[in-house]
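Just below is one structure, and these are the notes that go with it.
The values are calculated or read from the model by the stated rules, or taken from the named source; none is laboratory data. Predicted, not measured: the structure shown is a model, and the values here were computed from it. Methodologically, a virtual Cβ is constructed for each residue, glycine included, from the backbone with ideal geometry; neighbour enumeration extends over all protein chains shown.
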Amino acid sequence: MLDLATLSENLKRTRDEIKLKIHLGSKDLQEEWSELEQSWASFESRAQLDKSARDVSDAVKILGSELKDAYTRILKAL
């Protein structure tokens, strides 16, 4: 599994790419994006806590993996 910093950077890059394309997507994708933005905020805040604690929690890794899968699904749909 990727380390948290690499995962975070990869997710951020994919997220930025999707933000540029999402306005062209369907309503369903826009709704899913809205939900993912809430998950992103949660992931980002937990990742920041992790940097200071140096203790990667399983929950953050799972959330990151779920975000990666969802971003991949949206990219394919666009």
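A few notes on this one:
- Cβ-Cβ distances below 8 Å connect no pair with a first residue in segment 55-70 that is over 15 Å from Thr6 (Cβ atoms), a second residue that is at pLDDT 90 or above and β-branched (Val, Ile, Thr), and a separation of six or more residues or different chains.
- Any hit, segment 61-77, residues being surrounded by 11 or more Cβ atoms within 10 Å (Cβ to Cβ) and either aromatic (Phe, Trp, Tyr) or at pLDDT below 80 (or both): yes
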